[in-house]
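Report on the structure given below.
The values are calculated or read from the model by the stated rules, or taken from the named source; none is laboratory data. Source: prediction; values computed, not measured. A quick note on method: Cβ atoms are made from the backbone with ideal geometry, for glycine too, and the neighbour counts reach across all protein chains shown. Just the protein is used for accessible areas: all its heavy atoms, side chains included, with ligands, DNA and RNA removed. Shrake-Rupley method; radii C 1.70, N 1.55, O 1.52, S 1.80 Å.
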Amino acid sequence: MKFIRAAITSVGKFLPQRILTNKDLEDIIETSDEWIVQRTGIRSRHFLDPGMGNSYMASRAAMDCLNRAGVSPSEIDTIIIGTISADNVFPSTACTVQNMIGADNAWGFDLSAGCSGFLYALTTGAQYIESGRYKKVLVVGSDVNSMYLTPEDRSTYVLFGDGAGAVLLEPSVDPDLGIIDFANRIDGFGGPYLIVKAGGSKRPATLETVKNKEHFVYQDGRTVFKYAVKNMADMAVSMMERNNIESHDLDLFIPHQANLRIIEACARRMKIDLEKVIINIDKYANTTCGTIPLCFCDAVEEGRLKKGDKVIIASFGAGFTWGSIYIRWTMD
Ligand code: UT7
């Protein structure tokens, strides 16, 4: 039987209008533009207005992606949304998005894997295409991280932003191009280091959890930093080695955008120049599941991706979760 390879055939994005610069944050919390830029590389972030919900951003990114491809929502077989900030505990944001965009023939689900949610969703969607069962899979990464932030914790308040990106997966016309290889990992030992402690079944919302501010993100930044550098770099380097990609052969590296210093450390381990790395953390901050599809979209818009390019992706997030994908780019 002929092997079917999955390919990204379109990209899309949505960013909320409201932009907060580091200077704006100086008026809200005790911080400085200098500290944020030096420690993280972040200069500004977008925040969604309260009450809009994840589906507002995810559906717009999805429609941007479909419009660029000239594909109607009713042609979509499957919608997978990588997210940690669904509209509701249930139903899934995928259901809401399906209804909002009119994807009449689709099924779908949300996928939760911390900041690796989009990467896991992309590898899952790719296998649905490879199985031959589905022809058009919409993969979205979308997060409203502002819901987890409080000005009372300056160590996390400055790090995150809201945003969404989407890609369309279809069978590749050229079997040598598309999603070539991937590897994903989890290690639950990391759970306590990056967590929203309440609001789930183990610790449902009570007056006490609200009073204790347990619905906001908690992060042990230094520990997460250490494991992010090691695991992302190890995975990206091993993805290059097992596909016989030398540093000079690699065209583009698309890392999860959590901290510029993590990205630079990964690039050093991969022995690649920063010119080969997509960096947009300065504009968007850490949009968790949004980072990688937003990078795809920016890379396409800036003309930094051409057909046949060898691209490595890597991510790391809460869980801990991490992974890497090797793609030969298919879009012109
Ligand atoms: O996407 C999911 C994965 N997440 C990550 O990969 C994030 C990984 N971690 C990080 O990126 C970094 O650890 C941070 C950016 C979160 C923090 O950077 P750091 O270099 O590890 O700083 P730190 O936490 O060790 O804090 C250094 C100092 C502290 O002051 P003292 O104790 O040295 O006096 C903090 O209180 O910086 C202080 N600080 C701040 N100062 C100004 C913490 N937050 C701020 C702030 N503005 N916003």
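Taking residue 104, is it under 15 Å from residue 164 (Cα atoms) and acidic (Asp, Glu)? The answer is no for residue 104. In segment 95-107, the residue that is farthest from residue 318 (Cα to Cα) out of those that are touching a strand residue (DSSP E or B) at 6+ places or on another chain (Cβ under 8 Å) and open to solvent by less than 30 Å² (accessible area, probe 1.4 Å) is 103. Please work out if residue 220 is more than 10 Å from the ligand (Cβ to nearest atom), modelled with pLDDT of 95 or more and among the acidic types (Asp, Glu). So residue 220 does not fit the description; no. Summed over segment 299-321, the residues that are over 18 Å from residue 159 (Cβ atoms), in a strand (DSSP E or B) and either not assigned by TED's automatic domain parsing to the domain that holds residue 238 or not charged (D, E, K, R) (or both) give a count of 4. Of all residues in segment 246-286, those being under 30 Å from residue 47 (Cβ atoms), among the charged types (D, E, K, R) and touching a Ser or Thr at 6+ places or on another chain (Cβ under 8 Å) number 3. Restricting 192, 151 to residues that are within 16 Å of the ligand (Cβ to nearest atom) and part of a loop (DSSP other than H, G, I, E, B) narrows the list to 151.
Residue selection: residue 266 satisfies the criterion of being within 14 Å of the ligand (Cβ to nearest atom), free of Cβ contacts under 8 Å to residues at least 60 places away in the same chain, closer than 26 Å to residue 111 by Cβ and not assigned by TED's automatic domain parsing to the domain that holds residue 114. Scanning segment 25-48 for residues that are of a type in the set (Lys, Arg), open to solvent by 10 Å² or more (accessible area, probe 1.4 Å) and more than 9 Å from the ligand (Cβ to nearest atom) yields a single hit, 43.
Per the listing 283, 230, the residue uniquely within 15 Å of the ligand (Cβ to nearest atom) and of a type in the set (Lys, Arg) is 230.
Table: residues versus (1) surrounded by 16 or more Cβ atoms within 10 Å (Cβ to Cβ); (2) touching a residue at least 60 places away in the same chain (Cβ under 8 Å); (3) outside any loop (DSSP other than H, G, I, E, B).
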site: 223; (1), (2), (3): no, no, yes
site: 235; (1), (2), (3): yes, yes, yes
site: 238; (1), (2), (3): no, yes, yes
site: 245; (1), (2), (3): yes, yes, no
site: 262; (1), (2), (3): yes, no, yes
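Residue count for segment 323-332 satisfying the condition of being open to solvent by less than 20 Å² (accessible area, probe 1.4 Å) and assigned to a strand (DSSP E or B): 5. Selection within segment 272-299: residues that are polar (S, T, N, Q) and under 12 Å from the mean Cα position of the chain (by Cα). The member of this set that is nearest to residue 111 (Cα to Cα) is 288.
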